[in-house]
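I have placed the structure first, in the form of structure tokens, so that the comments after it can refer back to it.
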Amino acid sequence: MNTKEYISSGIIESYILGHASPEEAGILECVMKNNAEVKEAFEEAQKTLEHLATAQAVTPPSELRSKIWNKIQQEQNVEEVSPTLSTNIPEIKDHRETTERVNIQKNTNWKPYAIAASLLFLISVGGNVFMMNTQSSDKKEMALLAADKKAQAQAMERMNLKIDMFSNPDMQMVMLKGVEKHTEAKAMVFWDKKTKEVYLNAEKLPKAPEGMQYQLWAIEDGKPVNAGMYTEDKDSRIALASIPQAQAFAITLEKEGGSAIPTMENMFVMGEI
Amino acid sequence: MGICFILLHLDRKINTIKTTYSEEELIVLLKEKNENGFHYLYDHYSGALYGIILRIVQSKEYTEEIIQDVFVKIWNSIHQYDASKGRFYTWMINIARNTAIDYLKSKAFQNELKNQSLPDFVYNTAELSTTNNSSDYIGFNNVLEGLETDKQELIDLAYYQGYTQHEISEKLKIPLGTVKTKMRNALMKLKDLLKDYQ
């Protein structure tokens, strides 16, 4: 897909209308930073809808201005009261007083306090359960410690490999962050600017299900290009592909062996360069 | 930035109500919670935002309620505005659209509509505008009428009725990709059309 095709696909309009998926939005935002033509089309499309709004303006009733200004000031007063609340939670008397003040101001904003109270309760219950569990699990822990030691030795080995990567001055690192559905996920692409080879550190991604495999994509002018299949064996060690040019990288979960085009809804992480 | 800020500050000291601000200056004023900023915002954008909300909820009464929320939201979340993700005016338009569409979709609103016995509100704006609320439409400047019917419908569904592209694809029985390209074509036509309005 070239720039013209990308623009005429209607992705820009989707984005402005709030219809683009987080993945599509991420790609567009990244492409815009690197492609003046796409950026220009984005500006134009926004202006069109702004002109529409201006052309179809309707004069509001004259008393609305003061109504809104009063409401803004009222909300601001409430906001100034709120912070004192959170710091005063342990002092019950104070708390009640503040609540009353808030009520007087017709604030229906009780939800944060209810949530805070529920959280405190949960933390206290969680604490108790944790204390009980720790006693019974001492023995298990001993066994785990032994296993841990072995794992640590392996981790150390991998760490050393990573340090080699980090210390290579030709190596560009690109942090890939979790998209909306997988906010916890992250990965790191190492891109050797000399050899153009890309390495992937993806230990932080959830284990791929049976028959599935993570596939790395390089985004070049909005177009995803296959950048190789990931296996744990290759992690931070073996190059996945050689990529001459890209503005971003992304990882999707695909059937074993990979796909020709990324399955957008299975995107886990993405990061721009 | 720092210098601009000081200059702006001095400027305001000398001349308390300036008649024109650039978008950037306005944003600075709003971030400072400056009352002049509010008035400038209201003077320049209330009509457009009011028009959008009115077109979405099709009732002056609700529009007056919603636009208050919209201004409060702009005022309170001005720090969240990110210029790299779009223009300021567009950001405000989207706050107005989203607030109005949420309102429209909220159950309370739907129930109230039932009580007013308005049939199938969301799907049938044409019918609505000729019935109960027709008085709202006096002087209503409908630029979209200059477009072909299918383009009008598309913009109306996506922009004023909050249909997702999937929903439009299902409703109009056209593939999703086509919805996207058609939407672009509709906006390109609209752009030409709007040239006459400027």
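Peptide A:9-22 is shielded by partner chain Cβ atoms: per residue, an average of 6 of them sit within 10 Å of its Cβ.
The calculated FRET efficiency for B:Glu65 paired with A:Glu210, based on their beta-carbon distance and R0 = 56 Å, is about 0.55.
Across peptide B:182-192, what mean number of C-beta atoms from other chains lies inside 10 Å of a residue's C-beta?
Mean shielding by partner chains, rounded to a whole number: 5.
Shape analysis of segment B:139-198 places it in the prolate category; the axes a ≥ b ≥ c from the Cα gyration tensor give an a/c of at least 1.5, with a/b above b/c. Peptide B:33-44 shows a mean partner chain C-beta count of 2 within 10 Å per residue C-beta. Rolling a 1.4 angstrom probe over segment A:1-77 with all protein chains present gives an accessible area of which 50% lies on carbon and sulfur atoms.
Classify segment A:1-69 from the C-alpha gyration tensor, please: rounded if a/c falls under 1.5, else prolate or oblate depending on whether a/b exceeds b/c. It is prolate, given that a/c is not under 1.5 and a/b is the larger ratio. Kirkwood hydrodynamic radius of segment A:154-205, from the reciprocal of the average inverse Cα-Cα distance over all distinct pairs: 11.9 Å.
Give me the net charge for the shell around B:Tyr89: Cβ to Cβ below 10 angstrom, other residues only, Lys and Arg +1, Asp and Glu -1. Provide the component values of the computation, followed by the final result.
Details: positive: A:Lys47, B:Arg87; negative: A:Glu50, B:Glu23.
With Lys, Arg at +1 and Asp, Glu at -1, the neighbours total 0.
Applying 1/(1 + (r/R0)^6) with r as the Cβ-Cβ distance of B:Asn36 and A:Ile261 and R0 = 56 angstrom yields a FRET efficiency of 0.60.
To the nearest 10, the accessible area of A:Phe268 is 20 Å² with a 1.4 Å probe.
Could you tell me whether segment A:169-266 comes out rounded, prolate or oblate from its Cα gyration tensor? Rule is a ≥ b ≥ c as square roots of the eigenvalues, rounded for a/c under 1.5, then prolate if a/b exceeds b/c, otherwise oblate.
Rounded.
For the residues A:Ile68, A:Ile238, A:Ile115, a 1.4 Å probe over the protein chains yields an accessible-area ranking, largest first, of A:Ile115, A:Ile238, A:Ile68. With a 1.4 Å probe rolled over the protein heavy atoms of all chains, the accessible area of B:Arg184, A:Arg237 falls in the order A:Arg237, B:Arg184, largest first. Put simply, the amide H of A:Ala248, placed in the peptide plane, has neighbours under 5 Å in A:Ile219, A:Ile273, leaving out anything fewer than 5 places away on its chain. Net charge in the neighbourhood of B:Glu64 (other residues with Cβ under 10 Å of its Cβ; Lys, Arg +1, Asp, Glu -1) is -1.
Enter the buried accessible area of the B/A pair, total of both sides, probe 1.4 Å, in Å² rounded to the nearest 100. Before the final figure, lay out each step's value.
On the way: alone 12260 and 18450 Å², together 26250 Å².
For B against A, buried area totals roughly 4500 Å².
Where Lys and Arg each count +1 and Asp and Glu each count -1, what net charge lies around A:His19 among other residues with Cβ under 11 Å from its Cβ? That works out to -2.
The values are calculated or read from the model by the stated rules, or taken from the named source; none is laboratory data. These numbers were taken from a predicted model, which means no experiment stands behind them. Every residue, glycine as well, gets a Cβ built from its backbone with ideal geometry; the counts of neighbours run over all protein chains shown. For the accessible areas, the whole protein counts, side chains as well, though only heavy atoms, and no ligand, DNA or RNA atoms are used. Shrake-Rupley method; radii C 1.70, N 1.55, O 1.52, S 1.80 Å.
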